[in-house]
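The values are calculated or read from the model by the stated rules, or taken from the named source; none is laboratory data. Keep in mind the model is a prediction, meaning the values are calculated, not measured. Here the Cβ positions follow ideal geometry from the backbone for every residue, glycine too, while neighbour counts run over all protein chains shown. Note: accessible area is taken over every heavy atom of the protein model, side chains too, but ligands, DNA and RNA are not part of it. Shrake-Rupley method; radii C 1.70, N 1.55, O 1.52, S 1.80 Å.
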Amino acid sequence: TVTFENGAVTGHMYPAFMAYQSSNQGINDNAYSIIQANTEVYDTDNAYNNSTYTFTVPSGKAGKYIFYYAAELEHSNKFREAWVGLYVNGSQDNIGAAYIYTGTSDVLGNFGGNNTVVKNLSAGDTVSAYAYLNTGANSAGQVKQYRSFFGGHRLIGA
């Protein structure tokens, strides 16, 4: 149940976290890279690790979680494909990924992808936000600071 204590919501909305990326991050072409959201805005249960950029469901906190994430990808020239999404327990989760694919025609060098997704998770499950960039030219790009973030909270218990 959700209860109120001193005007604050308690119960199902925790754990909750939000972190953003405080510096530009170089990423390799044609590779999935974790979004380095290293600056925590809040982390109610110390469940987000800002050095591995991973959220871990705490013991006793299984349930449905909502995650929101965004990244601005930039390349000095052009790219053909870009993706932002989640990895759950180390595996790519295509549910809720924001994706652009232009085939062989190149587009300008910026892509801002964001999404919100609900996941049913067990204690110990891990979740991370990732970005992918394909320039078609084997050329690195970057994830932009302050425009890239990762957060979430529990909606209801198991």
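Suppose we filter 82, 71, 16 for residues that are at pLDDT 95 or above and of a type outside the set (Phe, Trp, Tyr); which single one remains?
Details: 82 fails: at pLDDT 95 or above; 71 fails: at pLDDT 95 or above.
One residue alone meets the criteria, 16.
Which pairs have Cβ atoms under 7 Å, sit 6 or more apart or on different chains, and link a residue in the range 120-142 that is acidic (Asp, Glu) to one that is open to solvent by less than 40 Å² (accessible area, probe 1.4 Å)?
These pairs meet every condition: 125/57; 125/88.
Which members of the range 53-69 meet the condition of being touching a strand residue (DSSP E or B) at 6+ places or on another chain (Cβ under 8 Å) and open to solvent by 10 Å² or more (accessible area, probe 1.4 Å)?
Scanning the range 53-69 gives 53, 54, 56, 61, 62, 64, 66, 68.
Every residue in the range 112-158 that is assigned to a loop (DSSP other than H, G, I, E, B), modelled with pLDDT under 95 and of a type outside the set (Gly, Ala, Ser), please. Walk me through how you get there before you give the answer.
Here is the first cut: in the range 112-158, the ones assigned to a loop (DSSP other than H, G, I, E, B) are 122-125, 135-140, 144-148, 158.
Filter again for modelled with pLDDT under 95, leaving 135-140, 144-148, 158.
Across the range 112-158, the qualifying residues are 135, 138, 144, 145, 146, 147.
Go through the range 98-111 and count every residue that is open to solvent by less than 60 Å² (accessible area, probe 1.4 Å) and modelled with pLDDT of 70 or more.
Initial filter on the range 98-111 (open to solvent by less than 60 Å² (accessible area, probe 1.4 Å)): 98, 100, 102-103, 107, 109, 111.
Next, only the ones that are modelled with pLDDT of 70 or more stay: 98, 111.
Residues flagged as open to solvent by less than 60 Å² (accessible area, probe 1.4 Å) and modelled with pLDDT of 70 or more within the range 98-111 amount to 2.
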